[in-house]
Amino acid sequence: MEPRYKAVGYFTPREGGQYGSASSAAAGGVPSMKSLTLDLSVATTDKEYPISGNVLWYLDSTAAGDRLQVRFDDFGSDPLPWRPGISIVGRTYGRVYLSWAAQPGSIAVLAYTNDPAATELQVV
């Protein structure tokens, strides 16, 4: 599935479900992005995904109206509503919990990374 949103900078897809340049952030390049594809056909509540970083982007979805809810690390935290095209930057996490209502036929693609330059919390 090709994203409907224009890829910018290190959000350009590469082979193997990764985004970004081949160089690492430690070597002065941009951080490598990884992707997570979700089947939204069946309702899911607080499913844990052991991914880590400080950038999480709802890159694309089959339908613009698809929605997720996300919690970071602390299972007791309030879920944040999330839609395609929105990224959460500067919030360090070691795992995420995702929930969604059944959205038959829908697929969502998330991208995540650890970017040392992302130190200020932003939702964009």
For the stretch 92-111, which residues satisfy the criterion of being under 18 Å from residue 122 (Cβ atoms) and either part of a loop (DSSP other than H, G, I, E, B) or not hydrophobic (A, V, I, L, M, F, W, C) (or both)? 92, 93
Pick from the stretch 55-81, criterion free of Cβ contacts under 8 Å to residues at least 40 places away in the same chain, closer than 13 Å to residue 93 by Cα and within 14 Å of the chain's Cα centre (by Cα), ranking: most open to solvent (accessible area, probe 1.4 Å): 71
Of the numbered conditions (1) open to solvent by less than 20 Å² (accessible area, probe 1.4 Å); (2) over 14 Å from residue 44 (Cα atoms), residue 106 fails exactly one; give the number of that condition. (2)
Of the candidates 52, 35, 24, the one satisfying the condition of being loosely packed, with under 14 Cβ neighbours inside 10 Å and either modelled with pLDDT of 65 or more or over 24 Å from residue 80 (Cβ atoms) (or both) is 24
Checking residue 71 against (1) part of a strand (DSSP E or B); (2) modelled with pLDDT under 90, which test does it fail? (2)
Looking at (1) under 10 Å from the mean Cα position of the chain (by Cα); (2) assigned to a strand (DSSP E or B); (3) closer than 17 Å to residue 90 by Cα, find the lone condition where residue 51 falls short. (2)
Taking the stretch 82-94 only, how many residues are without any contact (Cβ under 8 Å) to a residue 60 or more places away in the chain and at positive phi? 1
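Take residue 41 and tell me if it is modelled with pLDDT under 90, in a loop (DSSP other than H, G, I, E, B) and of a type in the set (S, T, N, Q).
When the stated conditions are applied, residue 41 does not pass them.
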Residue check for residue 89: in a strand (DSSP E or B) and more than 14 Å from residue 109 (Cβ to Cβ): yes
Consider residue 82 carefully, then state whether it is at pLDDT 95 or above and touching a strand residue (DSSP E or B) at 6+ places or on another chain (Cβ under 6 Å). no
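The values are calculated or read from the model by the stated rules, or taken from the named source; none is laboratory data. Just so it is clear, the model here is predicted, and its values are computed rather than measured. Counting neighbours? That spans all protein chains shown, and the Cβs are built from the backbone with ideal geometry, glycine included. Keep in mind that these areas ignore ligands, DNA and RNA; they rest on the heavy atoms of the full protein, side chains included. Shrake-Rupley method; radii C 1.70, N 1.55, O 1.52, S 1.80 Å.
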